[in-house]
Structure formats: structure tokens, C-alpha cells
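One structure is given below, encoded as C-alpha cells.
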Amino acid sequence: MSQCRFNSYHFKNGKQAQNRVVVPPMASKTADENGFVTDLSRQHYQRLAEVKAGIVFVEYSFIHTSGKGEANQMGVNDDRQILGLATLATIIQSKGSLAGLQLVHVGGKTTTEITGSDLMGPSAIVVPVKDRPLETPVAMTKEQIQQWIEWFVQAAHRAHKAGFDFIELHAAHGYGINQWLSPITNQRQDEYGLNIQGRSRLLFDIVKQIKIERPSLLVAVRLPAQDHCDGGLEVHEMSWVVKELENLGVDLIDVSSGIGGWRRQDGRSTEGYLVSDAAVLKQSTSLPVIGVGGIETGQFIDQIICENKVDFAAVGRAILKGPSEWAQAQMSR
Ligand SMILES: Cc1cc2nc3c(=O)[nH]c(=O)nc-3n(C[C@H](O)[C@H](O)[C@H](O)COP(=O)(O)O)c2cc1C
């Protein structure tokens with residue numbers, strides 16, 4: 001088996017990932033109470049940068065306070081945050097990695113105590129999560145849909161001004177855009193609901209507008225291949241979504257899971273427990289695809305890249321435990 005993990009990758013805009021390892025977005029809860037980057041955030045990303053990965057994604061960052069998920073979450077909702085975010089992009093890029101920033105509106109997967117306002121969602125349906133009861137969101141009006149698009153676009157401008165190579169739209173793990181995609185939480189009867197064409201309209205509108213306003217910014221979308229939840233999104237629907245995203249000019253597809261959450265699902269005990277989902281979506285697109293889920297070893301990464309199941313492998317917790325140690329053990333030639 002050749003060492004495919006070390007292959008570089010050239011994106012359409014000429015930017016190059018130095019290898020096929022991705023540090024996925026992982027909330028560090030190091031921001032201040034208004035979502036501003038702190039010294040702790042810088043130390044955290046300095047550690048992660050030591051991996052010298054192909055791409056390092058900075059954690060889910062709220063695009064508006066109504067879409068904030070937890071205390072000390074990073075924010076990209078205010079121009080004054082650009083300076084702090086720029087220091088993170090520089091830290092990551094100083095090791096040769098491409099820097100990405102994940103943008104999120106968590107929709108109904110939060111509390112009104114954190115947002116200070118009504119929860120927003122496609123329908124007045126509680127997001128079903130396993131570990132806690134959530135409040136009922138208020139179904140968004142057409143004006144509020146336009147607001148969401150504008151918030152995402154403004155956040156993308158800020159990320160680009162901060163020097164990030166990528167933004168990643170968070171459309172997985174039961175958060176805002178996932179709630180729009182899923183038939184469990186989106187039961188609208190207008191053009192933003194009814195079927196997968198309608199349920200994906202908001203995601204497509206956001207992508208279109210970002211691509212019009214920031215054509216040189218690379219856009220990744222983190223999405224589920226399926227919700228992993230009864231009555232949820234199915235693979236054939238998401239295969240269609242991925243094809244459309246390619247037509248709209250998206251640059252990278254990052255496949256995780258849906259309303260069921262990112263953790264290991266029943267019966268998936270192997271290294272790379274979501275890689276098979278990514279491999280299925282890869283068959284519908286010529287875009288590069290990231291696979292994730294319990295990946296720990298360079299050998300496994302070589303295997304899935306060489307076999308063309310995915311183009312990139314994201315390694316989360318194994319890197320978080322000890323970035324330098326992981327790199328030493330798995331990324332030395
Ligand atoms: C502490 C922690 C925070 C996370 N935060 C995010 C996040 O901000 N955005 C996201 O899309 N996924 C998040 N995840 C999920 C990871 O990106 C990844 O998909 C998951 O950990 C599975 O990969 P692993 O088995 O290699 O850890 C988080 C995971 C952990 C452990």
C-alpha cells in the first residue's frame with residue numbers, strides 16, 4: 001500500500017492542501033462571552049497546527065446570537081471579531097495547512113437562555129436529541145429566511161477578510177441547516193419544504209449568494225449522508241443534494257451524520273465508522289470528499305485514500321488528545 005496520506009491536493013482556485021489529513025471542526029469553548037477569540041483559543045489552535053495537516057478547520061462559530069449553541073462558543077457575527085479570527089488563520093497557515101472556519105446557526109438545537117431570543121426553525125417542531133429535552137422553535141417567516149442568508153453571507157465575508165482559505169457551512173449534526181434538510185424537523189408546505197428540493201433550497205440559496213459575492217473563497221459543506229434517525233434524511237436524497245452543490249460551485253464535501261449526532265451509531269464499531277457514508281456520496285460527485293469517524297492511524301488513512309473511497313480523512317479525538325504525538329506517530333515518513 002503506498003502512503004497516499006502524504007499526497008497533496010489542488011483545489012480549483014489553485015490552493016493546495018499539503019496532505020490528505022484534516023483536523024475537523026471541534027468546539028474548544030475558549031472564546032469569551034461574546035464569541036471573541038482569546039489567548040486560550042490561540043494556544044489551542046497552536047497545538048492543533050502542529051499536526052501540519054492538509055486542512056485545519058476552526059470550530060463551529062455562530063453567525064448570529066440567535067444561532068449560538070453554548071457558552072464560550074466562537075462567533076463570526078461581528079466585524080470586530082475579524083482581528084482575533086485572523087490570528088487563528090495565521091497560526092494554522094504558518095504550518096503550511098489551509099485554514100477553514102465553520103459557520104453555524106444552530107436553529108432549534110440550543111436554549112433561549114443562551115440565545116436571548118426565540119429559537120428559530122423551519123417548523124415549530126422540537127429537534128429530537130437524545131440527551132436533553134429542547135424548547136419548541138418558532139417557524140421562520142420568509143423575511144427571516146432572507147435574514148439567515150444574509151447572516152451567513154456576512155459571516156463568510158468576515159472569514160475571508162480574516163484570511164481563511166475555506167468556510168465550511170455546518171449542515172450536519174442536527175444543527176440549523178440540517179433541520180431545514182430533514183423531513184423530521186422541516187414540515188413546511190411552501191417552497192422551502194415539501195420534498196428534498198424544497199428542504200435544500202435554503203442551503204442552496206446560501207451557497208449561491210456566497211459564491212456570487214466571494215468567488216475566490218473555497219466553500220465546504222459538512223452534511224449528513226443520512227440522519228441516522230427514524231424518519232430522517234436518506235442517502236438517495238443527500239446524493240441528489242451533493243450533485244446540486246457541485247453544480248453551484250461548492251469545493252469540498254465533508255460527510256458526517258445528521259440529527260442522530262456525530263458519535264458512533266449502533267453497530268458501527270470499526271475505525272472510520274462514517275467513511276462508508278462518505279464513500280456512497282462520493283459516487284454522486286466529482287468533488288473531493290472528507291470521511292470521518294474514529295479514524296486514528298496513518299495506515300487506515302492510506303487505505304481509504306488509495307482505494308479512492310474518500311479524498312481526505314478527518315481525525316478528531318485522536319489528534320485532540322495529543323496533536324504532536326499523533327503527528328509524530330502517524331505522519332513521519
Ligand atoms: C470536543 C469536540 C467538539 C466538536 N465540535 C464540533 C464542531 O464544532 N463542529 C462539527 O462539525 N463537529 C464537531 N465535533 C465532531 C468532530 O468534528 C468529528 O466529526 C467527531 O469527533 C468524529 O471524529 P473522531 O472520531 O475522529 O473524533 C466535535 C467533536 C469533539 C470531540
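Phi angles of region 86-94 translate, via the Karplus equation with coefficients 6.51, -1.76, 1.60 and θ = phi - 60°, into HN-Hα couplings of 4, 5, 5, 4, 5, 4, 5, 5, 5 Hz per residue; Gly and Pro are given as x.
Placing a pseudo-label 7 Å from each Cα along the Cα-to-Cβ vector at HIS236 and ARG317 gives an inter-label distance of 3.4 nm.
Annotation: amide H-H contacts under 5 Å for PHE57 (H modelled 1.01 Å from N, sequence separation of 5 or more, or interchain): VAL23, GLY100.
Taking only protein heavy atoms and a 1.4 Å probe, the accessible area of the chain is 47% carbon and sulfur. Amide hydrogen proximity for LEU169: with H placed 1.01 Å from N in the peptide plane, the residues at 5 or more positions away or on another chain lying under 5 Å are LEU103, ALA220, VAL221, ARG222.
Using R0 = 51 Å, the C-beta based FRET efficiency linking GLU135 and ASN7 works out to 0.65. In the context of the full set of protein chains, the chain has a per residue accessible area of 39 Å² (1.4 Å probe). Electrostatic tally near THR30: other residues with Cβ closer than 13 Å to its Cβ, Lys and Arg +1, Asp and Glu -1, net -2. Once the chain from SER324 to ARG263 is taken as fully extended at 0.36 nm per residue, the excess over their C-alpha distance is 19.5 nm. Pairs exceeding 31 Å between alpha-carbon atoms, taken from LYS130/LYS161; LYS52/LYS309; LYS15/LYS142; LYS142/LYS282: LYS130/LYS161; LYS15/LYS142; LYS142/LYS282. Shape class for region 73-157: prolate, because the ratio a/c of the largest to smallest gyration tensor axis (alpha-carbon atoms, square roots of eigenvalues) is 1.5 or more and a/b beats b/c. Bridges between two residues of the chain, per DSSP, are antiparallel at a rate of about 5%.
The values are calculated or read from the model by the stated rules, or taken from the named source; none is laboratory data. Because the structure is predicted, anything quoted here is derived from the model rather than measured. Heads up, the Cβs are rebuilt from the backbone with ideal geometry, glycines too, and the neighbour counts pull from every protein chain shown. Surface accessibility is based on the protein's heavy atoms, side chains included, excluding ligands, DNA and RNA. Shrake-Rupley method; radii C 1.70, N 1.55, O 1.52, S 1.80 Å.
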